[in-house]
Amino acid sequence: PKNVGHTHPDAGHFIIYANGGFVLKNNGYVKRQTKYHNVALFDGKGQWGEHSKWFTPWPLDPERYPFISDVKSDQKMDIISSDMSRAYDVANLTKYTRKLIWLKKENVVVVVDDVKCDIPTEVSLNFYPESQIGKCYGNIYQDQTGLHNVRIENLTEGAVVSKGRQFIENRKNRNGEETAVITISKKTSNDIFVTAISWSLPDETPNVVSYDRKSGMIKVGKHKIDIKK
């Protein structure tokens with residue numbers, strides 16, 4: 001299409017909805033900024049085409065298309081692999097892929113972000129929780145609401161978890177609202193970021209995910225998954 005102004009620069013973005021409410025949310029009809037979505041920034045820079053009101057320029061260059069590279073689905077889990085390398089307007093970024101692993105009965109999503117840059121770069125993964133009251137404890141963000149217990153854990157060596165506030169601008173004007181954002185960040189040139197997001201009913205405890213960096217294996221209950229495959 002010649003006009004793609006309504007496109008959002010949000011390749012790799014996802015939300016989680018469970019038990020009648022959001023765990024991770026979408027921020028709505030906002031200005032076209034990568035930072036308003038559940039994706040990565042590199043040295044604070046987002047994806048190609050991000051602007052103020054509209055995604056620009058157009059027509060969209062096919063050489064910049066992100067793409068889904070593989071999908072696997074069965075009764076136990078879904079795995080979606082995508083490549084956003086070409087979607088970013090960052091000269092030193094050479095690879096950025098994201099794998100989403102959803103373990104259905106366990107109420108777990110593991111996010112695997114594989115990053116390569118020519119030089120050390122500040123990688124920031126943003127996650128927008130629906131609730132505003134959760135807190136960070138070391139490498140773990142925890143939240144308890146009327147619908148969920150939520151656990152977001154950084155399993156990446158050397159990365160830092162923080163909870164901040166982001167003002168989200170409406171598309172039509174500078175009005176908007178401030179909302180909580182969980183950021184996992186690390187300065188690196190080559191790393192695999194592993195983030196475990198789990199949730200449960202309020203009277204239950206979310207599942208805990210373990211990750212062995214050397215073997216590339218994650219473990220959730222009886223499940224063992226090689227994230228490199």
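The values are calculated or read from the model by the stated rules, or taken from the named source; none is laboratory data. Everything numeric here is computed off the predicted structure, so don't read it as measured data. Quick reminder, even Gly has a Cβ in these numbers, built from the backbone with ideal geometry, and neighbours come from all protein chains shown. Side chains included, ligands, DNA and RNA excluded: accessible areas come from the protein's heavy atoms. Shrake-Rupley method; radii C 1.70, N 1.55, O 1.52, S 1.80 Å.
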**Study point:** In the stretch 201-229, the residues that are free of Cβ contacts under 8 Å to residues at least 40 places away in the same chain and either on the phi > 0 side of the Ramachandran plot or outside any strand (DSSP E or B) (or both)
**Key:** 203, 214, 215, 216, 222, 228, 229
**Study point:** Yes/no for residue 109 being modelled with pLDDT of 95 or more and not hydroxyl-bearing (Ser, Thr, Tyr)
**Key:** yes
Check your understanding: In the stretch 208-222, which residues are surrounded by 14 or more Cβ atoms within 10 Å (Cβ to Cβ) and of a type outside the set (Val, Ile, Thr)?
Key -> 211, 216, 217
Practice item. May I ask you to list the residues in the stretch 88-124 that are surrounded by 18 or more Cβ atoms within 10 Å (Cβ to Cβ), out of contact with any Phe, Trp or Tyr (no Cβ under 9 Å at 6 or more places or on another chain) and among the charged types (D, E, K, R)? Key: 99, 106
Check your understanding: Hey, among the residues in the stretch 196-207 that are open to solvent by 40 Å² or more (accessible area, probe 1.4 Å) and not aliphatic (A, V, I, L, M), which one's nearest to residue 132 (Cα to Cα)?
Key -> 202
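Yes or no, residue by residue, for (1) among the aromatic types (Phe, Trp, Tyr); (2) out of contact with any strand residue (DSSP E or B) (no Cβ under 7 Å at 6 or more places or on another chain); (3) open to solvent by less than 20 Å² (accessible area, probe 1.4 Å); (4) modelled with pLDDT under 95:
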{"position": "126", "(1), (2), (3), (4)": "no, no, yes, no"}
{"position": "129", "(1), (2), (3), (4)": "no, no, yes, no"}
{"position": "145", "(1), (2), (3), (4)": "no, yes, no, yes"}
{"position": "151", "(1), (2), (3), (4)": "no, no, no, no"}
{"position": "160", "(1), (2), (3), (4)": "no, no, no, no"}
{"position": "167", "(1), (2), (3), (4)": "yes, no, no, yes"}
{"position": "170", "(1), (2), (3), (4)": "no, no, no, yes"}
{"position": "180", "(1), (2), (3), (4)": "no, no, yes, no"}
Review point. Which ones in the stretch 80-127 are of a type outside the set (Gly, Ala, Ser), under 27 Å from residue 17 (Cβ atoms) and either without any contact (Cβ under 8 Å) to a residue 40 or more places away in the chain or in contact with a Cys (Cβ under 6 Å, 6 or more places away or on another chain) (or both)?
Key: 80, 83, 97, 102, 104, 105
Point to revise | Of residues in the stretch 182-195 being in contact with a Leu (Cβ under 8 Å, 6 or more places away or on another chain) and open to solvent by 10 Å² or more (accessible area, probe 1.4 Å), the one nearest to residue 216 (Cα to Cα) | key: 185
